[in-house]
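Structure, as structure tokens:
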Amino acid sequence: MKTTDKIIQLLKLHGPLTAKTLAEELALTTMGVRQHLQALEDAGDVDIEDRVEGRGRPTRYWGLTEQSRTHFADRHSELSLQLIDSVKMIFGDQGLDKLIEHREQTAMQQYRSAMLGMTDIASRLTKLVELRTLEGYMATQEQADGVFWLLENHCPICSAATKCQNFCRSEQQQFQQLFADIATVSREEHIIDGARRCAYRIAPLS
């Protein structure tokens, strides 16, 4: 993988980063990373933001632009949109709802089978992150103050989800069902609403 591609991957996973942080992650010099960032900026894939952090000069952060989405899989978005329109035209909204419901049931069967025997949040979440990453969502997880987070840094069905937000409703319901006996699940960040990622808060039942 080229260095510029590695930089794009890191920015997609972590959000805006400084050249120093990127250099540490890639085991490169800060000057070398800045050269790659400049090339990405010239290509329109990254932009800069100067943040005031205490005293002294502002700290420069580099983040991805909307154009950078072309570097990531989109699950053939044009075809997806055409299929959604065709289903609605032939079968109506109810037909589309049935299609989404079938997709949800199929996915749930796969998730439940993979999580068989897992009774705690951590193990289920680790498996879910693995499965969602294979599906193209660039999923990661975090834990803080007793609360778990499922973070999806890319949406491979973004165009379809924008066209029909029932896809997003369906996915949120899936996660709620997967953890229903041990935790509550709520979506706190949403790509469709302009966020950088989708973030799901998984809080243990009291």
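The values are calculated or read from the model by the stated rules, or taken from the named source; none is laboratory data. Remember, predicted model here, so these are calculated numbers, not experimental data. Positions of Cβ are generated from backbone atoms using ideal geometry, with glycine treated the same way; all protein chains shown enter the neighbour counts. Accessible surface areas use protein heavy atoms only, side chains included; no ligands, DNA or RNA. Shrake-Rupley method; radii C 1.70, N 1.55, O 1.52, S 1.80 Å.
The GluC sites (Glu not before Pro) found in the stretch 1-97 that occupy coil by DSSP, while having at most 11 further C-beta atoms within 10 Å, are GLU53.
Bins of 5 Å, beginning at zero and ending with the bin holding the largest distance: percent of Cα pairs per bin for the stretch 1-145, please. With 5 Å bins starting at 0, P(r) equals 2, 8, 12, 13, 12, 13, 12, 11, 9, 5, 2, 1, 0.
Applying both filters, DSSP loop and at most 13 other Cβ atoms within 10 Å, to the trypsin sites (Lys or Arg not before Pro) of the stretch 1-107 gives LYS2, ARG55. Label positions at LEU26 and ALA180, each projected 7 Å from the Cα along the C-beta direction, are separated by 4.6 nm.
Listed peptides 127-135, 189-197 appear in the order 127-135, 189-197 once ranked by packing, highest mean of other Cβ atoms within 10 Å at the front. Remark: accessible surface ordering of SER170, SER206, SER113, SER86 (largest first) is SER206, SER113, SER86, SER170, probe radius 1.4 Å. Student exercise: in the chain, how many lysine pairs 8 or more apart or on different chains have Cα atoms under 30 Å apart? Summing the qualifying lysine pairs gives 13.
How high is the relative contact order of the chain? Use alpha-carbon pairs under 8 Å, at least six apart in sequence, and give a whole percent. Taking the mean separation of contacting Cα pairs over the length of the chain, I get 16 percent.
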